[in-house]
Each structure stands twice: as structure tokens, then as C-alpha cells.
Amino acid sequence: MINAIIMASGLGTRMRPLTENKPKPLIEVNGIPMIETVINALQYRNVDEIYIVVGYLGEQFKYLTEKYENIHIVENTVYESVNNISSIYAAREVLEKGACFICEADLYINDNKILDDKSFDITNNNSCYFGKMVKGFSDDWVFELDKNGYISRVGKNGTDCFNMTGIAFFKLEDAAVLKSAIEEQYGKDDYKELFWDDVVNRNLDKLKLKVHEIDAGQIVEIDTVKELEEINLKFKSK
């Protein structure tokens, strides 16, 4: 069984005023809500069950449970006070049900086949983050690799590194490790400030993760109104 968790609870403040009355993942790119481009890619991959973790204006996502048979809504009640570790914590039981994709909801995926790449299934055969290579310095989330090609650091800032694209895949055994690590960290020390990826970084001794390389245009994260306008123009012209 393969399931998916889509994190959709954030405030989307960088895209105001568009997000004053609509959650960011429901902002449309060329006529389709961003989250539905993620859902469509997961459906193409024949993912069994999809769990959408909602918070800000969460009731607006309910239409998705009528449009898609395998969509479930999970409420994150502390999304305003705890970072996105809270979204994975809210859906943590999903991590012990099978292999699992973890996806951000504010992505534009223009190639449904991105999650069904046969090399991803057969050659890689590892839990992984989907990443794009960025030459030069990047102040985004990056991955450093050891000599065997496994991820040795997940964090901000790096040079000539793979950058995070908002999608990860965990095999069943690694998903179970992640669940335990999230539960162990939650409620302790600085947990309110943590991204779930920080927990991954702290447990790389227990997780064997690789990077599944994609092209920069296959998965696009949209953070601002200007970026939305640019992406609309780019893909409308194709």
C-alpha cells in the first residue's frame, strides 16, 4: 500500500492579498488549484489513500472529498502556533499504514508522470526526497550527500547542491522510523519552531535517504503573487 500526506494548513502570508479569503493551495495556476496538480500526480501514481492536513480556512478543502474518492481531511488545530511538524504529527498514523509520499500543497506539477518514473521504482529503490540541482549558492533547503550518495544533511543554505522541491517518499520501514521520531520530538524543547524536515535531519543515522533528481520545471513552488503571474505566463504559452 502507498498513501500520501499533503500539508495544506499554512497561512500563505507571502501571497496576500490573494490568500486573505482563500488558502494558498487553492489558488489557481492556469485554471486549476495548485493542490489539484499534486493530487492528479498522486492519482496517476495510483496512490491508495490521500490525507490532506488542513488548518487555515480548512473548510474550503472539503469539496475535494466529493471530487476524489480516496481523499481524507485531517485537521491541524495548532497550525498558527506550531511549525509544520504539527501537520505531520496530526497525520502520523498514516505513516504506519504503508509507504508514503509527503507533499507540500502549494506546488504546481505540470507533469503527472513525475511520481511514476520507472527509474524511481526500480533503480533508486530507496526512500528519497525529490530534488533539483542548483549550481552556485542557494539559501533554500538543500541536501548534502555522503560518498555513497545518501543524504547526510537536510537544511538551509548550500553550494552546488540538490534543492528541496516539496515532495518526499518513504518506504514503509522508514515511514515507521519517521513516525517514531516525530512523536519523540513533539512537545519537547524547540518543537514549535521545527519543520518536519528538521526531524528527518536529526535522524539520518536511522534513515537511508537518497535524492531523486528531477528537472527544475517539473515541480514548481510558488511563494509570491509575482511568481504566480510568471508561472501563469510561462505555462500558458506552451
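The values are calculated or read from the model by the stated rules, or taken from the named source; none is laboratory data. All values reported here derive from a predicted model rather than from experimental measurement. Methodologically, a virtual Cβ is constructed for each residue, glycine included, from the backbone with ideal geometry; neighbour enumeration extends over all protein chains shown. For accessibility, only protein heavy atoms count, side chains too; no ligands or nucleic acids. Shrake-Rupley method; radii C 1.70, N 1.55, O 1.52, S 1.80 Å.
Those residues that are in contact with a helix residue (DSSP H, G or I) (Cβ under 7 Å, 6 or more places away or on another chain) and either of a type in the set (Gly, Ala, Ser) or farther than 24 Å from Ile231 by Cβ (or both), I need them from segment 27-52; list them, please.
Passing the criteria: Ala41, Tyr51.
For segment 20-39, indicate whether the set of residues that are under 16 Å from the mean Cα position of the chain (by Cα) and surrounded by fewer than 18 Cβ atoms within 10 Å (Cβ to Cβ) is non-empty.
No, because not a single residue in segment 20-39 is under 16 Å from the mean Cα position of the chain (by Cα) and surrounded by fewer than 18 Cβ atoms within 10 Å (Cβ to Cβ).
Mind telling me which of the residues Glu221, Glu229 ends up being touching a strand residue (DSSP E or B) at 6+ places or on another chain (Cβ under 7 Å), at negative phi, open to solvent by 30 Å² or more (accessible area, probe 1.4 Å) and not hydrophobic (A, V, I, L, M, F, W, C)? Can you show your working first?
Numbers: Glu229 fails: touching a strand residue (DSSP E or B) at 6+ places or on another chain (Cβ under 7 Å).
Only one candidate qualifies: Glu221.
With the requirement that a residue be free of Cβ contacts under 8 Å to residues at least 40 places away in the same chain and either among the charged types (D, E, K, R) or buried (at least 21 other Cβ atoms within 10 Å of the Cβ) (or both), what does segment 75-89 give you?
We begin by selecting, within segment 75-89, every residue free of Cβ contacts under 8 Å to residues at least 40 places away in the same chain; these are 75, 77-78.
Passing the criteria: only Glu75.
To keep it simple, each residue is scored yes or no on (1) touching a Lys or Arg at 6+ places or on another chain (Cβ under 8 Å); (2) buried (at least 20 other Cβ atoms within 10 Å of the Cβ); (3) not polar (S, T, N, Q).
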site: Arg92; (1), (2), (3): yes, no, yes
site: Cys100; (1), (2), (3): no, yes, yes
site: Glu104; (1), (2), (3): no, yes, yes
site: Tyr108; (1), (2), (3): no, yes, yes
site: Ala168; (1), (2), (3): no, yes, yes
site: Asp174; (1), (2), (3): yes, yes, yes
site: Gln185; (1), (2), (3): yes, no, no
site: Asp189; (1), (2), (3): no, no, yes
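So, restricting to helices (runs of 4 or more DSSP H) that lie completely within segment 135-238, which ones have at least 3 residues that are modelled with pLDDT under 90? Even if it seems obvious, please write down each step before you answer.
Numbers: elements: 172-185, 196-202, 225-236.
The helices (runs of 4 or more DSSP H) meeting that bar are 225-236.
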